Amino acid sequence: MTPDAIGNLTLDELRLELAPAIADGAVFDGWGKVALAAAAEVHGVDPAVAALAFPRGAIEMIEAWIARIDADMARALPTEMLAKLPIRERIRRLVGFRLEAVTPSKEALRRALAVMAMPQNARRTARLGWGSADKMWRLAGDTATDYNHYTKRTLLAAIYTATLAVFVDDTSDGHAETAAFLDRRIEGVMRFEKAKGRLLGSGQGDETRFSFARLAGRLRYPAR
């Protein structure tokens, strides 16, 4: 993007433009002023203007990076392209795109997860996970507006979070361990979707009744 074009961006647009370069810098310098200054230099942006775009610091830089990945994912995998695939393959492609997008900046991802895990960022982190899950389901063609709308997004957010935790420590060839982990989690959700209606309407006692909270917890913190 030319300097003139950069100068015409809104702050929201500038955040998205700078985000990948900030992530590149965060690999070495963390999510802070050094990475932001380096990104501003790469794009020919006044450092003061760049700082103005991220008044809340690291968490806002990470939010912009995630938003940029969301936008890139929507361009690369539109609903009409995914519609020809089985639902499990749509989700696999969408999560796979996100993992591929962060692979060159895996150390930045590790640092980002540490920032997001801080207690003061818990609410924003939960909102980010939900938002990315919502975007993936919408691209996958989901139009549910009832209880399913919320369960699908909560489950996918849990799966994605767990997959990222595996991914950052995965040294296998082509991240094969992460791919296998993701496949197992997706298969679990597919089985859950098939059984959900029967379980929710079973009328059994509390000791055997389906527990959505228990399932989400197992998906988020499963054994490998």
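The values are calculated or read from the model by the stated rules, or taken from the named source; none is laboratory data. Since we're looking at a predicted model, the values are computed, not measured. Glycine also receives a Cβ, built like all others from the backbone with ideal geometry; neighbour counts cover every protein chain displayed.
Of all residues in the range 87-117, those satisfying the criterion of being farther than 23 Å from Asp183 by Cα, of a type in the set (A, V, I, L, M, F, W, C) and in contact (Cβ under 8 Å) with a residue 40 or more places away in the chain are Ala108, Ala112, Val115, Met116. Just checking, does the range 140-154 include any residue being hydroxyl-bearing (Ser, Thr, Tyr), without any contact (Cβ under 8 Å) to a residue 40 or more places away in the chain and either touching a Leu at 6+ places or on another chain (Cβ under 8 Å) or assigned to a loop (DSSP other than H, G, I, E, B) (or both)? Yes, the conditions are met somewhere in the range 140-154.
Residue pairs whose Cβ atoms lie under 7 Å apart, sitting 6 or more positions apart in sequence or on different chains, and linking a residue in the range 3-30 that is under 17 Å from Leu52 (Cα atoms) and modelled with pLDDT under 95 to a partner that is among the aliphatic types (A, V, I, L, M) and surrounded by 13 or more Cβ atoms within 10 Å (Cβ to Cβ), are Ile6/Val45; Leu11/Ala53.
Determine whether Ala133 is within 23 Å of Ala76 (Cβ to Cβ) and under 11 Å from the mean Cα position of the chain (by Cα).
yes
Do we find a residue being surrounded by 14 or more Cβ atoms within 10 Å (Cβ to Cβ) and modelled with pLDDT under 95 anywhere in the range 66-86? Scanning the range 66-86 turns up no residue that is surrounded by 14 or more Cβ atoms within 10 Å (Cβ to Cβ) and modelled with pLDDT under 95. When each of Ala114, Ala162 is tested for being surrounded by fewer than 16 Cβ atoms within 10 Å (Cβ to Cβ) and either within 21 Å of Leu77 (Cβ to Cβ) or modelled with pLDDT of 85 or more (or both), the lone residue that passes is Ala114.
Selection of the range 42-100 for residues being under 18 Å from Ala26 (Cβ atoms), in contact with a Gly (Cβ under 9 Å, 6 or more places away or on another chain) and hydrophobic (A, V, I, L, M, F, W, C) yields Val42, Val45, Ala58, Met61, Ile66, Ala67. When Asp169 is tested against the conditions (1) under 17 Å from Ala112 (Cβ atoms); (2) without any contact (Cβ under 8 Å) to a residue 24 or more places away in the chain; (3) in contact with a Phe, Trp or Tyr (Cβ under 8 Å, 6 or more places away or on another chain), the lone failure is (3).
Inside the range 158-178, residues that are under 16 Å from the mean Cα position of the chain (by Cα) and not β-branched (Val, Ile, Thr) make up a count of 6.
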